[in-house]
There are 2 protein chains.
Amino acid sequence: MVSGNSKRDDGLQLADMIAGAIMSFAPGEDTGCYSTFVKKSEPAYFFKQALIQDIALSTLLRRARSHGQFPMNNLPSTHIQSILNASIPLFRFATGPLYNDNVSKPNVCDFAFGNPHEMPVAGFADALQKWSVPQNKDWFAYKRSEPEAQHVVAQSLRAWRGIEFEPNDIFLTNGAFAALTVALGAILDAGDEVIFNSPPWFFYEQLILAQHAKPVRVRVNAETFDLDLDALDAAITNKTRAIIVNSPNNPTGKMYPVQTLRGLADILEKHSARNGREIFLLSDEAYSRIIFDGRGFTSPTSFYPYSFLIYTYGKTLLTPGQRIGYIALPPNMPQETRAALNPAIFISQLVTGYAFPNALLQHALGDLDKLSIDIEHLQHKRDWLVRELSAMGYQVHSPEGTFYLLPRSPIANDWTFAEKLAAQNIIVLPGQVVEMPGYFRLSLTANDAMITRALAGFAHAIHV
Amino acid sequence: MVSGNSKRDDGLQLADMIAGAIMSFAPGEDTGCYSTFVKKSEPAYFFKQALIQDIALSTLLRRARSHGQFPMNNLPSTHIQSILNASIPLFRFATGPLYNDNVSKPNVCDFAFGNPHEMPVAGFADALQKWSVPQNKDWFAYKRSEPEAQHVVAQSLRAWRGIEFEPNDIFLTNGAFAALTVALGAILDAGDEVIFNSPPWFFYEQLILAQHAKPVRVRVNAETFDLDLDALDAAITNKTRAIIVNSPNNPTGKMYPVQTLRGLADILEKHSARNGREIFLLSDEAYSRIIFDGRGFTSPTSFYPYSFLIYTYGKTLLTPGQRIGYIALPPNMPQETRAALNPAIFISQLVTGYAFPNALLQHALGDLDKLSIDIEHLQHKRDWLVRELSAMGYQVHSPEGTFYLLPRSPIANDWTFAEKLAAQNIIVLPGQVVEMPGYFRLSLTANDAMITRALAGFAHAIHV
């Protein structure tokens, strides 16, 4: 039996288990181990080299070793190992000392993740309490996509987007994570290719691998952060089944313009016709209500009918532990395609571990849809930080939406710069974790007091 | 755009979409279509022949056709089509007229599924309301398996099973559906084989297919409903990676005895040694707290260390729309195996659409774990129905646990007999839907009034 590990904190537990998994994959010396590991993995991406040069992983491994936690065997399947491999950059940060040795310090200024740093939005708990009272015997019975919740979403999209989605075409899910999983599961065969744009959200690659499909990474334009249409055009093959687009984008804050989206639609139509089957556009619109400066949002689904609109309430409400989101098929998708996708999505939802939202959240959705965090306040924090950081000499653009700022790291190694900031009691996400080496990411969900406290530290770090 | 489908009831919508999917797979004449479909599918099982002879499917297809809902293309992937194929027996019932034309009738006696027919258990809504009040800024933030919830489960298993599970080895999931998905995802490579016992729960085959693995069905003993150890022994190959055991079993109500479980462990150990890798035992213990006559429960995990204990609160609380359950790795599993499984399960949980339970349910788990539906009342309903049905001439055994009775159909075709009962305003599940042709399943979650009303109808149906 394992000794008293249960008393250790959660971060350390996770650090140990991930480190154990890495070791199990390629036992050997610390640094050598990781080099071996990278060679064995997917084609090395530009950002992985930075990791190898870094010693933080060996620190992590030593820590795990000191706890005597080393499995002697590989992970139980090569499949799950491949998914772990794709997760290493994130796990290395999330389970390593840079984050875990600092996050619990007093007065830490935590900009690492899009986590809440204030109490939940007013009205959220009230809605849960109100709808916890059962109104009939079926109140907490098995739920699929409840007609009332489908109606709330269709009405919401009509009010907000001006498009008449059919309630039938709304699939309620456990947030966007589940919506993406379900969408991919509904359309992919083993060996199909799925394109995603880099920098990406943390888990696109893993979700594609989980379906036994092939992830294909395409970089956005390095200057404008816009989609690189030529590169996308070149990346599509006769095995391409889907492309994932995230607008506004985490981590760049870029909202793709109408012209780009029209160009993307043309490319997808051309290749779909050539391939004799549709390439689906999975539009991850998690941040589509987190938009600044009064800008309108143009959905990537607007110009291409074979689209899945994917949304989660987890960002708008900043309650990602209560999971509700959806897939919506747009009304300009041909009826026969929607009719074929409808059962496919339903069945995919079943075999994604019954990925329907909890009954309570579906009952409460009419109330929850009306709530939001304070976007003006978020915009104020964006302006405040952009102004202050720029004045200090940081190169930082002003994002059009999302929770994130993405300043350039003043030194080439963003991990090292993040360590400098950590010495100032400031936690940021090194850019290499989100495939943006040479940058660092700040979450605007940090509270005002954190920002106030952090300014001197940001000013200090750029000059040492 | 689809016309006013949104106004149709949910059952009809689903009927249409499934029927459309079947048609899309093999367009043609109704009966011919289904024959073609069966030939194209997995090796025909004994129970599928019964379906082909039946005309109910063509009724379903005609209904869908009359709504003009026919996709012209196949489902978007052959993978999702294979999962749909395995779901046909259930969908044929759940979306067809035998269920849907009757379930909303006044005074219907609905024994079809393990759904609630009384108001939720006292204390459940109170617990949700109490724990909806945020106690800190992280109350509804991203949750993995929360340490407090892991502790509740470990304490609960200690009190109830007398085994000291490590909190670290508890993985909280969105119910047992997600726990099974996550467990399979953690251990399987494409082409691995997974054995399950027939009659099975509705979705084992689909969950195995979803992992690109091969389902292998082994019948239980037709007389005793006990596991057929010789058949299991013969079914294991060098590709077998796991076996799913469900005790007490839905639909037979059988609780596998210690001697059987010891024999199973011997077989698994023998083949694991021969194969040079462990065959994992996935023990679906959803009904392990729904046991009658003061019997103790012996977990199938007790005798075989390479086991996953899988549990859901959805049965004990009869609130399957609020999804919380878990995987527990037993303390007799070697430490290095647990250390290797730990990250595999964690990652599998991520790519199962973030299959962690909602924050609220994890906060409330200490309270929820103490609640239960009234098992004595359930036992009373079992005794009442067994006594009355037996007196009428039905052959029915008394189940040791679960929600279900499984009487023999007085006529060979259980679907036809279910239609006779439907004419008496009684809905039951034809045995062929759960791979038990010649039987029908009754859920004891029906309320007392339903049972009282149904007795005359049961008596009438056996004599016409």
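Here are a few things to note about the model shown:
- Residue by residue along B:141-152, Cβ atoms of other protein chains within 10 Å of the local Cβ number 4 on average.
- The packing ranking, built from the mean of other Cβ atoms within 10 Å per residue, places the peptides B:414-424, A:232-242, B:200-210 in the order B:200-210, B:414-424, A:232-242, highest first.
- Distribution of pairwise C-alpha distances over the range A:188-275, 5 Å bins, in %: 3, 14, 26, 24, 19, 11, 2, 0
- Added length on full extension, which subtracts the Cα-Cα distance from 0.36 nm per residue, B:HIS380 to B:ASP293: 30.3 nm
- Here the label points at A:ASN332 and A:ILE411, each 7 Å from Cα along the C-beta direction, are separated by 5.0 nm in the simple model.
- With R₀ set to 41 Å, the beta-carbon distance separating A:ASN447 from B:ALA122 gives a calculated FRET efficiency near 0.55.
- Shielding of A:447-455 by partner chains, average beta-carbon count, 10 Å: 0
- For the residue pairs B:LYS137/B:LYS370; B:LYS130/B:LYS370; A:LYS420/B:LYS137, alpha carbon separations beyond 22 Å are given by B:LYS137/B:LYS370; A:LYS420/B:LYS137.
- Label-point spacing for A:ASP101 across the identical copies (point 7 Å from Cα in the Cβ direction), in nm and ascending order: 7.2.
- Shown for B:VAL133: label points 7 Å from Cα along the beta-carbon vector, and their distances to the equivalent points in the other copies, 1.7 nm in ascending order.
- Residue by residue along A:125-137, Cβ atoms of other protein chains within 10 Å of the local Cβ number 5 on average.
- Sorted shortest first, the distances from the B:VAL258 label point to those of the same residue in the other copies are 7.6 nm; each point sits 7 Å from Cα along Cα-to-Cβ.
- Projected label distance in nm at A:HIS151 and B:LYS105, using a 7 Å step from Cα toward the beta-carbon: 2.7
- Cubic angstrom per residue, convex hull over Cα atoms of the range B:203-344: 131
- Reciprocal mean inverse distance between Cα atoms of the range B:125-275 - Kirkwood radius, Å: 18.0
- Ellipsoid fit via the Cα gyration tensor, the range B:326-464: semi-axes of 41, 19, 15 Å, each the root of five times an eigenvalue, largest first.
- Each Cα pair under 8 Å and six or more residues apart adds its separation to the average, and for the range B:135-368 the resulting relative contact order is 27 percent.
No value in this document is a laboratory result; all are computed from the given coordinates. Everything numeric here is computed off the predicted structure, so don't read it as measured data. FYI the Cβ positions are ideal-geometry reconstructions off the backbone, even for glycines, and counts take in every protein chain you see.
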